[in-house]
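My questions will all concern the structure given below.
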Amino acid sequence: MTKHLDRREFIQLAGLTTAGIAGVVFSSGLRGVSYAAAKGNAEDFMFLQMSDLHWGFTGPAVNPDAEVTLDKAIAHVNALPRPPDFIAFTGDLTHTTDDPQERRKRLAHVRDAVAKLKVKAHHYLAGEHDAALDQGEAFKEFFGKTHYTFDHKGVHFIVLDNVSDPKGMLGDEQLEWLRADLKKRDKEAPLVVLTHRPLFDLAPDWDWTTADGAAAIEALLPYESVTVFYGHIHQEHHQMTGHIPHHAAKGLMFALPAPHSVPKKLPIPWDAANPYQGLGFRSAQAKDGGDDYALTEWAVEKA
């Protein structure tokens with residue numbers, strides 16, 4: 001008798017806790033015919049996740065190339081052999097500043113820099129560095145809403161804001177908005193959640209959590225095909241909550257240590273022998289109408 005792997009079993013067999021190899025497939029579609037295929041509208045597509053640009057950061061010991069790192073990443077994206085359908089920027093576009101005028105100057109720089117990308121379809125998320133000091137006011141002036149939805153080739157994308165509240169939470173109003181949106185979706189329909197902070201308690205003492213993230217996960221659990229992409233922790237990381245996989249992306253400006261691997265969370269020093277080590281962006285290729293995703297990790301600097 002043939003045993004069909006469920007998502008949790010497949011990810012355990014794939015060894016995602018030590019992932020870092022390009023092209024690992026994360027699957028819910030192994031259980032049978034995908035939702036999109038059953039509906040007759042399955043389309044493959046690919047998008048990029050770019051996270052934690054931190055424009056405005058200065059720190060020669062951490063990244064002496066801080067002023068050109070974003071431009072190098074943009075050049076690499078423009079040189080990819082296959083252009084993505086769109087790019088999702090999962091927060092911390094800028095580095096924090098107490099000066100509202102400087103905050104807007106940094107946001108404007110990012111807006112103008114990413115305009116050089118050949119792919120013009122972009123979806124932006126705020127990070128706490130962008131939004132926590134003014135509840136997202138400046139971010140909205142340049143990049144629009146901080147939580148919203150969009151659809152792409154049969155997949156429903158949900159963008160959550162767990163940073164504008166300085167307490168690092170979604171809040172009751174946004175949670176009700178999420179639940180109302182989910183009620184409109186079939187339980188089998190493919191969903192992707194984009195967020196900055198992890199929705200689960202990865203390392204609360206390092207601020208790697210969402211205060212009310214458990215409520216969001218509870219709302220998502222009844223849906224069979226949910227994948228979460230997030231940033232904030234500046235490293236590749238994969239974790240399950242029930243059948244829902246959560247994938248953190250590397251940052252573009254500086255790397256951070258693995259959770260609780262060191263006594264204090266500090267940026268990893270620049271290694272001149274291995275420049276850009278730990279920095280990068282990700283492509284996510286959807287298979288079977290969004291039931292499977294093949295992830296590829298790209299370095300910042302083009303080889």
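The values are calculated or read from the model by the stated rules, or taken from the named source; none is laboratory data. Please read these numbers as outputs of a predicted model, since none were measured by experiment. For neighbour counting, all protein chains shown are included, and Cβ atoms are generated from backbone atoms with ideal geometry for every residue, glycine included. To get the accessible areas, we keep the full protein, side chains included, count just its heavy atoms, and leave off ligands, DNA and RNA. Shrake-Rupley method; radii C 1.70, N 1.55, O 1.52, S 1.80 Å.
Restricting attention to segment 178-196, which residues are open to solvent by less than 20 Å² (accessible area, probe 1.4 Å) and part of a loop (DSSP other than H, G, I, E, B)? Give the derivation first.
Residues of segment 178-196 that are open to solvent by less than 20 Å² (accessible area, probe 1.4 Å), as a first pass: 178, 181-182, 189-196.
Across segment 178-196, the qualifying residues are ALA189, HIS196.
Could you go through segment 192-205 and let me know if any residue there is in contact with a Leu (Cβ under 9 Å, 6 or more places away or on another chain), farther than 27 Å from PRO100 by Cβ, hydrophobic (A, V, I, L, M, F, W, C) and modelled with pLDDT of 95 or more.
Yes, some residue in segment 192-205 is in contact with a Leu (Cβ under 9 Å, 6 or more places away or on another chain), farther than 27 Å from PRO100 by Cβ, hydrophobic (A, V, I, L, M, F, W, C) and modelled with pLDDT of 95 or more.
Does ASP92 qualify as being at positive phi and at pLDDT 95 or above?
Judged against the criteria, ASP92 is a match.
Select from segment 58-75 the residues that are in contact with a helix residue (DSSP H, G or I) (Cβ under 9 Å, 6 or more places away or on another chain) and buried (at least 22 other Cβ atoms within 10 Å of the Cβ) and write down the one among them that is farthest from PHE150 (Cα to Cα).
Let us first name the residues in segment 58-75 that are in contact with a helix residue (DSSP H, G or I) (Cβ under 9 Å, 6 or more places away or on another chain), namely 58-60, 63, 65, 70-71, 74.
Remaining after also requiring buried (at least 22 other Cβ atoms within 10 Å of the Cβ): 63, 70.
On the way: ASN63: 35, LEU70: 26 Å.
Among them, the one singled out is ASN63.
Something else now. Which of the residues that make up segment 260-291 are assigned to a strand (DSSP E or B) and open to solvent by 20 Å² or more (accessible area, probe 1.4 Å)? Please lay out each step first, then the result.
Going through segment 260-291, the residues assigned to a strand (DSSP E or B) turn out to be 280-287.
Result: GLN285, LYS287.
Where in segment 214-259 are there strands (runs of 3 or more DSSP E), lying fully within it, with 3 or more residues that are open to solvent by 10 Å² or more (accessible area, probe 1.4 Å) and either at positive phi or touching a strand residue (DSSP E or B) at 6+ places or on another chain (Cβ under 7 Å) (or both)?
On the way: elements: 225-230, 237-241, 244-248.
By residue number, 237-241.
Considering only segment 196-218, I want to know if a residue exists there that is touching a residue at least 60 places away in the same chain (Cβ under 8 Å) and over 29 Å from HIS95 (Cβ atoms).
So far as segment 196-218 goes, no, none of its residues is touching a residue at least 60 places away in the same chain (Cβ under 8 Å) and over 29 Å from HIS95 (Cβ atoms).
Residue under question is ASP161, and the condition is that it be of a type in the set (D, E, K, R) and in contact with a helix residue (DSSP H, G or I) (Cβ under 7 Å, 6 or more places away or on another chain); does it hold? Please lay out each step first, then the result.
On the way: of a type in the set (D, E, K, R): yes; in contact with a helix residue (DSSP H, G or I) (Cβ under 7 Å, 6 or more places away or on another chain): yes.
In short, yes.
Is it the case that LEU199 is among the hydrophobic types (A, V, I, L, M, F, W, C), in a loop (DSSP other than H, G, I, E, B) and farther than 29 Å from ASP71 by Cα? Let's see the steps before the verdict.
Details: among the hydrophobic types (A, V, I, L, M, F, W, C): yes; in a loop (DSSP other than H, G, I, E, B): yes; farther than 29 Å from ASP71 by Cα: yes.
It is true that LEU199 is among the hydrophobic types (A, V, I, L, M, F, W, C), in a loop (DSSP other than H, G, I, E, B) and farther than 29 Å from ASP71 by Cα.
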